[in-house]
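Written below as C-alpha cells is the structure these notes are about.
The values are calculated or read from the model by the stated rules, or taken from the named source; none is laboratory data. All figures in this text were calculated on a predicted structure; none of them were measured in a lab. Note that each Cβ is placed from the backbone with ideal geometry, even for glycine, and that neighbours are counted across all protein chains shown.
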Amino acid sequence: MNNSGKKPALTHEALTDIIDLALWAGQLLLQNGASSHRVEETVHQLGTGLGCDWMDVLVSHNAIVVTTVSAGDFRTKIRRVPKHGVDLTAVSAVNRLRYRISDNTLDPPQLRNELQRISTRKPMYPFWLTAVMIGLACGAFCRLFGGDYEAFALTAVASTVGMFVRYLLLREEFNTYLVVIAAAFITSLIAAMGKYIGIHDYPVALAAGVLMLIPGVPLINMVLDFVRGHINVGISRGILGLLITLSIAIGLLLAVSITGVPGL
Amino acid sequence: MTIHLVLHLLEDFFWSAVAATGFALLFNVPRRTLLMCALLGGVGHLVRTVTHEFLPIDLAFATLIGSTIIGFGGHLFARRLQVPHTVLSVPGVIPMIPGTFAYKAMIGFLRFSESTTAPASTGLLIDASSFAVQTILILSAIAVGIAIPNLLIFRKRSVI
C-alpha cells in the first residue's frame, strides 16, 4: 500500500467494525468455494480499503484469522467457517464488492447491507430446475461415454431422483458423507434396474449417474491452493475430495453388489 | 463419412455443453454467465476429443490442452462478465471428468477382492490399477489446466 502510515488512526469502534466486515466477507468466500488466495486477497483489500494500515490474513480449512493494524494499534479475531458448499454467485458478488471498495464508492454501513443481502439471498435457480438439469447433465455424460438414448433416459431419471435424495437428507442435517453414500446408492440402484427392464447400456448409466456427486470444486481449489503456496489448505481440500469420492464408491459398490456386478 | 464426423463432433459439443450447464446450475453461478459456462464446456471437451482422436496425443495430455483452453477462456471473459475466472472455468471443465475410468477402476478392485484364483486376480488388479492411474492423471490435468493461465500470463504480484 503506497499510502500506508499516512492514514488517520481509527477509533476502537471503527477498527472492530472493519475487522467484522472483512471477516464476514472472507467467511462468505471460503464457505462458498473460493480459493484461499482469493479469500486472502479480498479480506486484505476490504480491510485496507476501509482505512486500516495493514491487514494480515490466515486462511485455514474451517477458520479465518485476521490481524488488523491502524496507527500502531492492532487487533486479531478468528471466525470459524464450519459449513462448506458451492455458491459461485455469492463468490462473485463478494468479489465485486472488493472493486467498489477500491473505487471508494462503498462505506462500512453500505458494505454491511451488501453482505447481509448476499448472506440471505435465495438460490439463483429453483431446486427442481437444478435437479432436472443435473439429471440431463448426467444423461449427457452417459452419451459422452457412448451410451445409447435408452441409457440416457435411465441416467437422467436416476440422477434426478438422486439429487432429490441428497437435497432431502442435507435438509435433515445428516452427515455429509452419509448423504453422499445414500444418494450414490439410490442413483446406482435405479441405474442398475436397467438390467431388468432390458436396457443394454445400463453399465454406462451406472458410471454416469453418480457423477453429480463428484467434489469438483474442492479438487480444483486444491490445485489452485497448491500453486499459490497454500499447501495446508490444499491438503485439507484434497482429503475432503478424497473422502467424498470414496463415499460415492461405497454407495455405488453397495448397489452394484446387491444387483449383481456388471462389466462395462 | 464427413457428415458422420461432423455429427460426431457436433454431438460431442452439444452434450458437453449440457453437462457444463447442469453443473453451472448446481454451483449456482450468476445467470449472466450460464451461456459462457456452456460454451466453454462444449469448446474445451471438443478440443480434447479432436486432439485425442485425430492427433497422436493420449487422453490425459489432450485433457490438459482442453482445460488450459477453458482456463484461458475463463480469464478472457471474467472481466467482461464481472466474475472471478473460476466461475466460468469450473463448470466448463466438468464434462471432462473421467467417469468411465473411475467406474472401471472401482468395479475392477471389487472383482479383484472377490477373486480367488491367482493368475486371474493378478490380471484384474493390473487392469484396475491402470484405470485408477488414468483417472488420477486426467483429474490432475483438469485442475492444472485451470491454474496454467495464472502461472504463465496473469503473474501479477499478490497484494498481500
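Quick rundown of the values:
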quantity	calculated
Residues of the stretch A:73-103 satisfying the condition of being in contact (Cβ under 8 Å) with a residue 12 or more places away in the chain, out of contact with any strand residue (DSSP E or B) (no Cβ under 9 Å at 6 or more places or on another chain) and under 21 Å from A:Thr48 (Cβ atoms)	A:Asp73, A:Val91, A:Ala93, A:Val94, A:Asn95, A:Leu97, A:Arg98, A:Ile101, A:Ser102
Check on B:Ser129, modelled with pLDDT of 85 or more, buried (at least 19 other Cβ atoms within 10 Å of the Cβ) and in a helix (DSSP H, G or I)	no
Test for A:Ser60: is it touching a residue at least 40 places away in the same chain (Cβ under 8 Å) and of a type in the set (Ser, Thr, Tyr)	yes
Residue match in the stretch A:99-112 (condition: on the phi > 0 side of the Ramachandran plot and not acidic (Asp, Glu))	yes
Complete set of residues in the stretch B:77-87 that are within 19 Å of the chain's Cα centre (by Cα) and more than 9 Å from chain A (Cβ to nearest Cβ)	B:His85
Single residue of the stretch A:89-127 satisfying the filter (in a loop (DSSP other than H, G, I, E, B) and of a type in the set (Asp, Glu)) that is nearest to the other protein chains (Cβ to nearest Cβ)	A:Asp103
Residue that is surrounded by the most Cβ atoms within 10 Å (Cβ to Cβ) [pool: residues in the stretch A:48-57 that are within 16 Å of A:Trp24 (Cβ to Cβ) and more than 10 Å from chain B (Cβ to nearest Cβ)]	A:Cys52
Filtered residues of the stretch A:128-166 (kept if closer than 22 Å to A:Lys195 by Cα, surrounded by fewer than 16 Cβ atoms within 10 Å (Cβ to Cβ) and more than 10 Å from every other protein chain (Cβ to nearest Cβ))	A:Asp148, A:Tyr149
Cβ pairs under 7 Å, 6+ apart, first in the stretch B:46-60 and in contact (Cβ under 8 Å) with a residue 12 or more places away in the chain, second aromatic (Phe, Trp, Tyr)	B:Leu46/B:Phe13
Of all residues making up the stretch B:1-38, the number that are surrounded by fewer than 22 Cβ atoms within 10 Å (Cβ to Cβ), closer than 24 Å to A:Ser119 by Cα and more than 7 Å from chain A (Cβ to nearest Cβ)	2
From the options A:Thr89, A:Thr68, A:Thr16, residue that is buried (at least 24 other Cβ atoms within 10 Å of the Cβ) and either β-branched (Val, Ile, Thr) or outside the structural domain of A:Pro109 (by TED's automatic domain parsing) (or both)	A:Thr68
Single residue of A:Arg38, A:Arg79, A:Arg75 found to be touching a His at 6+ places or on another chain (Cβ under 9 Å) and either buried (at least 18 other Cβ atoms within 10 Å of the Cβ) or part of a strand (DSSP E or B) (or both)	A:Arg75
Residue match in the stretch B:65-80 (condition: under 19 Å from A:Ala93 (Cβ atoms) and in contact (Cβ under 8 Å) with a residue 12 or more places away in the chain)	yes
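Residue by residue, here is whether (1) of a type in the set (Gly, Ala, Ser); (2) closer than 29 Å to B:Leu7 by Cβ; (3) more than 11 Å from chain A (Cβ to nearest Cβ) holds:
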residue: B:Leu40; (1), (2), (3): no, yes, yes
residue: B:Gly44; (1), (2), (3): yes, yes, yes
residue: B:Leu55; (1), (2), (3): no, yes, yes
residue: B:Ala62; (1), (2), (3): yes, yes, yes
residue: B:Val93; (1), (2), (3): no, yes, no
residue: B:Phe109; (1), (2), (3): no, no, no
residue: B:Ser115; (1), (2), (3): yes, no, yes
residue: B:Leu124; (1), (2), (3): no, no, yes
